[in-house]
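Participant: Quick one: structure below, then a few questions.
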Amino acid sequence: MTDAERQKQAVGQAAAELVRNGMVVGLGTGSTAKWFVEAVAARKLDLSCVPTSVETAHLATRLGLRLIEMDAVERIDITVDGADEIGPDLALIKGGGGALLREKLVWAVSDRCVVIADGSKHVARLGAFPLPIEVVPFGHRTTAARIRDVLHASGIDGPLRLRMDGSVPRVTDNGNLIYDAQCGAIDDPGTLAARLKATTGVVEHGIFFGMATEGLLGTDGEVRRLTRSRP
Ligand SMILES: O=C(CO)[C@H](O)[C@H](O)COP(=O)(O)O
């Protein structure tokens, strides 16, 4: 196992210890969240779980976790999920795995949102990882043109690429498409998030700003707890 994988395992297991019997739990998506799902299933607690993707739903079902519909709950006690970048004040880029929309819907109703990651994901400034933006398929090229304008207005000139699966566009669990924006550096994630959200045709973007309540970061030999300085 690589060092990074060991760190993912450690943070997944540490996060599983935060879960209590009877809780409603949001299950994240990706290779780090997978460690959490496995560790929480191994605890054999009585839980109701809301998965953030079809992939995670399959994994959780295979491991014997009880799934419930998102609309069957008003609040989720705790959600644990990975990230592609963790910046200052727990601002995140998510969606590398394409599950950003369901992830954000689940995070939005969670009392506790715990982001887990190996140490390589911790950055001084967001933006090296391409920012995923989910758009409706109808007229997506015209939406992409509006996204480019928004990025330019934020001083970002990097390429914007339609995510592909080989020769065809990648379709999300929600039937949408994803554009990845090479931002380089995102100086003001809150403003960019608001501008993207207001763009016609954009369903959601991968900036998770002010959403994570805490983080668990893998380092060599220990799990470091990250907190937010602003509420
Ligand atoms: O946001 C995500 C999926 O949409 C993932 O949490 C993110 O891509 C991190 O994945 P991994 O743990 O495999 O590095």
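The values are calculated or read from the model by the stated rules, or taken from the named source; none is laboratory data. Since the structure is predicted, the reported quantities are computational estimates derived from the model, not experimental observations. We place every Cβ from the backbone using ideal geometry, glycine too, and count neighbours over all the protein chains shown.
Participant: If I filter segment 150-159 for residues that are at pLDDT below 95 and either under 23 Å from Ser31 (Cβ atoms) or among the hydroxyl-bearing types (Ser, Thr, Tyr) (or both), do I get at least one hit?
Facilitator: Yes, segment 150-159 contains a residue that is at pLDDT below 95 and either under 23 Å from Ser31 (Cβ atoms) or among the hydroxyl-bearing types (Ser, Thr, Tyr) (or both).
Participant: Moving on to the next point. Among the residues of segment 72-86, write down those that are surrounded by 11 or more Cβ atoms within 10 Å (Cβ to Cβ) and either farther than 18 Å from Thr32 by Cβ or of a type in the set (A, V, I, L, M, F, W, C) (or both). Talk me through it step by step, then tell me what you get.
Facilitator: Narrowing segment 72-86 to residues surrounded by 11 or more Cβ atoms within 10 Å (Cβ to Cβ): 73, 76-86.
Within segment 72-86, Val73, Ile76, Asp77, Ile78, Val80, Ala83, Ile86 meet the criteria.
Participant: Return the residues of segment 1-14 that are more than 14 Å from the ligand (Cβ to nearest atom) and closer than 21 Å to Lys94 by Cα; say none if nothing qualifies.
Facilitator: Residues satisfying the conditions are Gln13, Ala14.
Participant: Oh, and also: Out of the residues in segment 206-231 that are over 14 Å from Ala15 (Cα atoms) and of a type in the set (D, E, K, R), state the one that is surrounded by the most Cβ atoms within 10 Å (Cβ to Cβ).
Facilitator: Filtering segment 206-231 for residues that are over 14 Å from Ala15 (Cα atoms) and of a type in the set (D, E, K, R), the one surrounded by the most Cβ atoms within 10 Å (Cβ to Cβ) comes out as Arg228.
Participant: Go through segment 15-36 and count every residue that is within 13 Å of the ligand (Cβ to nearest atom) and in a loop (DSSP other than H, G, I, E, B).
Facilitator: As a first pass, look at segment 15-36 and keep what is within 13 Å of the ligand (Cβ to nearest atom): 15, 26-36.
Imposing the further condition that a residue be in a loop (DSSP other than H, G, I, E, B) reduces the set to 28-30.
Going through segment 15-36 one residue at a time, the tally reaches 3.
Participant: Under the condition of being surrounded by 24 or more Cβ atoms within 10 Å (Cβ to Cβ) and of a type in the set (A, V, I, L, M, F, W, C), which residue from segment 92-101 is nearest to the ligand (Cβ to nearest atom)?
Facilitator: In this case the residue turns out to be Ala99.
Participant: Within segment 126-192, considering only strands (runs of 3 or more DSSP E) that don't extend past its boundaries, which have at least 3 residues that are under 18 Å from the mean Cα position of the chain (by Cα) and not acidic (Asp, Glu)? Give the derivation first.
Facilitator: Values: elements: 131-135, 160-162, 177-181.
Filter on segment 126-192 gives 131-135, 177-181.
Participant: Across segment 37-86, what is the total count of residues that are among the β-branched types (Val, Ile, Thr) and assigned to a loop (DSSP other than H, G, I, E, B)? Talk me through it step by step, then tell me what you get.
Facilitator: Our first condition is that a residue be among the β-branched types (Val, Ile, Thr); within segment 37-86, this holds for 37, 40, 50, 52, 54, 56, 61, 68, 73, 76, 78-80, 86.
Applying the additional criterion that residues be assigned to a loop (DSSP other than H, G, I, E, B) yields 52, 68, 73.
Count: 3.
Participant: Let me ask something else. Specify the residue that is nearest to the ligand (Cβ to nearest atom); the eligible residues are those in segment 53-71 that are surrounded by 15 or more Cβ atoms within 10 Å (Cβ to Cβ) and hydroxyl-bearing (Ser, Thr, Tyr).
Facilitator: Filtering first and then ranking leaves Ser53.
Participant: Would you mind finding the one in Val11, Val40, Val24, Val50 that is farther than 25 Å from Glu85 by Cα, within 19 Å of the chain's Cα centre (by Cα) and either without any contact (Cβ under 8 Å) to a residue 60 or more places away in the chain or surrounded by 15 or more Cβ atoms within 10 Å (Cβ to Cβ) (or both)?
Facilitator: Values: Val11 fails: farther than 25 Å from Glu85 by Cα; Val40 fails: farther than 25 Å from Glu85 by Cα; Val50 fails: farther than 25 Å from Glu85 by Cα.
Sole residue among the options that is farther than 25 Å from Glu85 by Cα, within 19 Å of the chain's Cα centre (by Cα) and either without any contact (Cβ under 8 Å) to a residue 60 or more places away in the chain or surrounded by 15 or more Cβ atoms within 10 Å (Cβ to Cβ) (or both): Val24.
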